[in-house]
Amino acid sequence: MYVYDEHDRQIAAERVAQFRDQTDRALAGELAEEEFLPLRLQNGLYVQRLAPMLRIAVPYGMMRSNQLRRLARISRDYDKGYAHFTTRQNVQLNWPNLEDVPDILAELAEVEMHANQTSGNCIRNTTTDQFAGVQDDEIADPRPYCEIIRQWSTFHPEFAFLPRKFKVAVNASEKTDRAAIQVHDIGLQIVRNEAGDLGFRVHVGGGLGRTPMVAPVIREFLPELDLLTYLEAVLRVYNRYGRRDNKFKARIKILVKALTPAGFADKVEAEWAHIKDSPTKLTRDAIDRIKSYFTEPSYVSLENASDLLAKQRFENRAFDQWLSHNVDTHKKPGYSIVNLTIKETGTPPGDVTDRQMEQIADLADEYSFGEIRVTHQQNVVLADVRQDRLFELWQAIVPMGFGTANLNTLTDVICCPGGDYCALANAKSIPVAEAIQRRFDDLDYLYDLGNIDLNISGCMNACGHHHVGNIGVLGVDKKGEEFYQISLGGSSHHDASIGKILGPSFAREAMPDVIAKIIDVYVGRRTEEETFLDTYRRIGIDPFKESVYA
Amino acid sequence: MPEIVLHNGSIKQDDWVVVPRPEEGESLNVPDQKALIPADLWLAGYERYAGRADIGVWLDSHQEPESLGDKVNELPVIAVNFPKFTDGRGYSIARILRERLGFENELRAIGDVLLDQLQFMKRCGFNSYALRPDKDIQKAAKCLGFFTQGYQAATDTDTPLFRRRAG
């Protein structure tokens with residue numbers, strides 16, 4: 001994992017001093033609220049419905065145990081003793097005092113953390129696959145490239161006041177996309193060309209929200225060393241020509257659409273021609289240096305523990321289920337990837353208490369080289385667990401509430417904080433997630449249904465990624481009352497697609513029944529081996545409509 | 001007379017006046033002192049203004065610095081207007097003027113220029129700043145200097161941190 005050197009430490013310390021000064025001037029009335037707004041947002045600080053909200057960066061989702069322990073302590077000392085893991089792989093505190101934020105930043109800087117550019121109209125936290133570096137289907141480890149982008153984008157002097165927020169994601173697997181790159185402003189797929197050289201396929205102009213779009217490819221192959229100069233060209237074109245007259249039309253996807261992907265690509269190429277060989281061009285040394293931070297942990301040489309696991313599975317059905325659903329294969333023999341689901345029914349998806357954060361940190365130290373990853377599905381990953389210790393780990397996590405064996409099933413809901421916390425929301429989302437979790441509480445039935453992405457957002461901003469859920473739920477406000485609109489057929493993977501709206505919206509109480517009817521259509525019409533999405537794509541939306549609105 | 005901040009944080013008297021774009025039907029009224037006029041009008045009246053040390057230009061944030069082309073160094077001052085401090089186009093304009101067009105003279109930020117944007121402006125090539133009048137010009141030096149280094153190459157340095165680390 002990346003470790004700060006003296007430069008990173010100095011910049012982090014200077015940033016804390018700067019934000020302290022900005023906060024002091026804001027509190028002294030020297031900065032108008034509208035002047036302080038973008039400054040505090042670039043530091044992740046929102047003023048929300050009930051209190052400020054502070055979004056802390058977790059670059060590409062990775063943390064060390066000491067960092068998570070510090071987050072636990074901060075949430076206890078400065079907040080109400082819990083935090084929220086977000087779909088941006090970040091961590092949010094819901095109740096800090098504005099006056100305390102500089103001190104919180106100072107505490108974060110001590111453990112090499114920060115809240116830089118977690119909000120605002122600037123380049124946000126770059127995200128990637130939570131299994132980066134531990135599965136054998138990736139072309140190269142995406143994390144060094146994410147770190148290179150993190151450094152380049154941090155306090156970039158030209159791009160601090162873009163037309164709108166800007167999000168980059170990197171994916172390295174040919175088989176799957178766990179980073180949803182095609183619904184980002186820039187999505188980078190790591191590829192090799194015919195000559196075997198490493199590079200990126202560049203998607204630009206995807207995104208959710210009011211105008212959901214899947215990002216077109218604007219360059220099939222970008223050589224590795226050209227990564228930053230090309231990003232700079234894309235951002236410069238966006239900064240100069242993106243719309244600023246209407247915040248709903250200000251995302252880069254609108255510019256790409258207006259110019260057409262080919263027209264946009266031409267503009268970027270023309271800009272890039274000027275800066276392609278500028279000092280921002282990466283060097284082999286620079287890449288190797290960053291890569292040296294992402295070397296393998298000290299794995300021991302092991303065989304797969306197949307016999308042991310078979311025996312333990314046979315003796316314990318719940319362990320067997322957990323192993324089947326929450327544990328993934330690992331590139332190293334004898335190791336596994338463990339997904340801790342933070343989705344116990346009755347707990348808002350992504351919410352963790354200070355005590356739970358400390359428990360996760362302890363688990364990471366004991367079982368996974370002290371490293372933790374946050375996923376965009378709001379779960380937590382221990383990436384390097386010895387197979388012969390899986391049973392022991394499972395016994396430890398079940399009482400903690402992390403052992404719910406429902407990963408990727410209907411109840412592993414992605415859900416924004418919604419109207420319970422968020423000032424933007426039109427409707428509550430957490431109670432909807434909970435009602436559905438309660439309705440579908442039979443694990444065997446969930447397993448029979450297979451993988452289904454159910455994503456819930458409390459408003460058009462789509463923090464719950466409802467557009468790309470196989471089943472998407474969007475909270476809408478109708479004359480002060482909360483209703484929920486359903487879309488079907490979304491996907492955030494390599495086959496990315498935007499869900500299609502089913503029809504008129506429903507009252508909250510009706511939601512579990514509506515979901516059940518949709519599931520019944522799938523169960524009745526599927527062929528063997530078909531996932532929900534396969535069936536939907538084969539039979540279309542009409543059979544679902546007929547059943548739900550009958 | 002109003003004051004401006006220089007890139008090193010020092011303060012000096014501002015002897016340039018920004019001439020607004022004339023209303024439709026009216027002609028440009030150039031005062032009898034150092035004046036910054038709209039860049040497109042300078043180009044349109046090039047014969048009249050060329051070579052004058054008392055005439056500079058200002059660009060608005062939607063305008064193309066490329067339009068000045070190889071004439072940039074005939075101008076003693078180019079100002080870039082920030083109509084709103086949240087309008088970041090001026091940063092790109094500044095880098096293009098400096099790095100692509102090779103502009104070497106005074107590059108000035110005008111308009112909604114606040115303290116917390118100065119460091120970004122400086123890194124993108126501005127070397128003077130006409131702060132919005134209600135801002136405390138005495139605090140400019142501090143705000144220009146919060147950071148002793150940046151990660152990126154920009155107009156102020158052609159060595160991004162990754163190149164310095166290698167050295």
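Of note:
- When the GluC sites (Glu not before Pro) in segment A:294-391 are filtered for DSSP coil states and for at most 14 other beta-carbon atoms within 10 Å of their beta-carbon, the remaining sites are A:Glu303.
- Inter-part distance, segment A:150-167 to segment A:392-443, computed on C-alpha centroids, equals 33 Å.
- Taking every DSSP bridge with both residues inside segment B:3-166, close to 25 percent are antiparallel.
- Whole-number percent relative contact order across segment B:3-166, with pairs defined as alpha carbons under 8 Å at least 6 apart: 20
- For B:Gln152, distant residues with modelled amide H under 5 Å away: B:Leu161
- Estimated buried accessible area (total), pair B and A, 1.4 Å, Å² to nearest 100: 4000
- Contact order normalised by residue count of segment A:291-404, Cα under 8 Å, 6+ apart, percent: 28
- When the square roots of the Cα gyration tensor eigenvalues are ordered a ≥ b ≥ c, the ratio a/c for chain A is under 1.5, which makes its shape rounded.
- Counted charge near B:Ile55, where neighbours are those whose Cβ lies closer than 11 Å (Asp, Glu -1; Lys, Arg +1): +1
- Cysteines in chain A that, by Cβ-Cβ distance, have no pairing candidate under 4.7 Å: A:Cys122, A:Cys146, A:Cys415, A:Cys422, A:Cys459
- Average accessible surface area per residue within the protein assembly as shown, 1.4 Å rolling probe, Å²: 38
- At least 50 Å² accessible surface lost relative to isolated chain, residues of segment A:22-59 (1.4 Å probe): A:Arg25, A:Glu35
- Comparing B:Leu75, A:Ala361, A:Ala215 along the charge dipole axis of the protein assembly as shown, the residue lying farthest to the positive side is B:Leu75, per the Cβ-charge model.
- Test item: B:154-165 mean partner chain Cβ contacts at 10 Å: 5
- Segment B:89-122 versus segment B:24-74: alpha-carbon centroid distance in Å: 17
- Qualifying GluC sites (Glu not before Pro) in segment A:188-234, DSSP loop, other Cβ atoms within 10 Å at most 16: A:Glu194
- Positive contributions from Lys and Arg (+1) and negative ones from Asp and Glu (-1), summed over other residues with Cβ under 14 Å from the Cβ of B:Ser92, come out at +1.
- Computed accessible area, A:Ser505, all protein chains, 1.4 angstrom probe, square angstrom: 30
- Element breakdown for chain A at a 1.4 angstrom probe: carbon and sulfur atoms account for 49% of the accessible area.
- Of the trypsin sites (Lys or Arg not before Pro) found in segment A:334-435, no site is in coil according to DSSP while having at most 11 other Cβ atoms within 10 Å of its Cβ.
- Global geometry of segment A:432-504, whether rounded, prolate or oblate, following the gyration tensor of its Cα atoms and the 1.5 cut on a/c: oblate
- Under 11 Å, Cβ to Cβ, from B:Asn105 - net charge with Lys/Arg +1 and Asp/Glu -1: -1
- Computed on chain A, with alpha-carbon pairs under 8 angstrom and 6+ residues apart, the relative contact order is 12 percent.
- Rounded to 5, percent antiparallel among DSSP beta bridges of the protein assembly as shown: 65
- 5 angstrom amide H check on A:Arg219, placed H, neighbours 5+ away: A:Val202
- Euclidean distance of C-alpha centroids, segment A:477-550 and segment A:332-355, integer Å: 27
- Carbon + sulfur, % of accessible area of segment B:3-166 - ligands and nucleic acids excluded, 1.4 Å: 47
- Within the protein assembly as shown, helix-based [θ] at 222 nm, where runs of 4 or more DSSP H residues each add -39,500 (n - 2.57), nearest 500: -9500 deg cm²/dmol
The values are calculated or read from the model by the stated rules, or taken from the named source; none is laboratory data. This is a predicted model, so every value here is computed, not measured. Neighbour counts run over all protein chains shown; Cβ positions are idealised from the backbone, glycine included. Quick note on the areas: whole protein, heavy atoms, side chains included, nothing else; ligands and nucleic acids left out. Shrake-Rupley method; radii C 1.70, N 1.55, O 1.52, S 1.80 Å.
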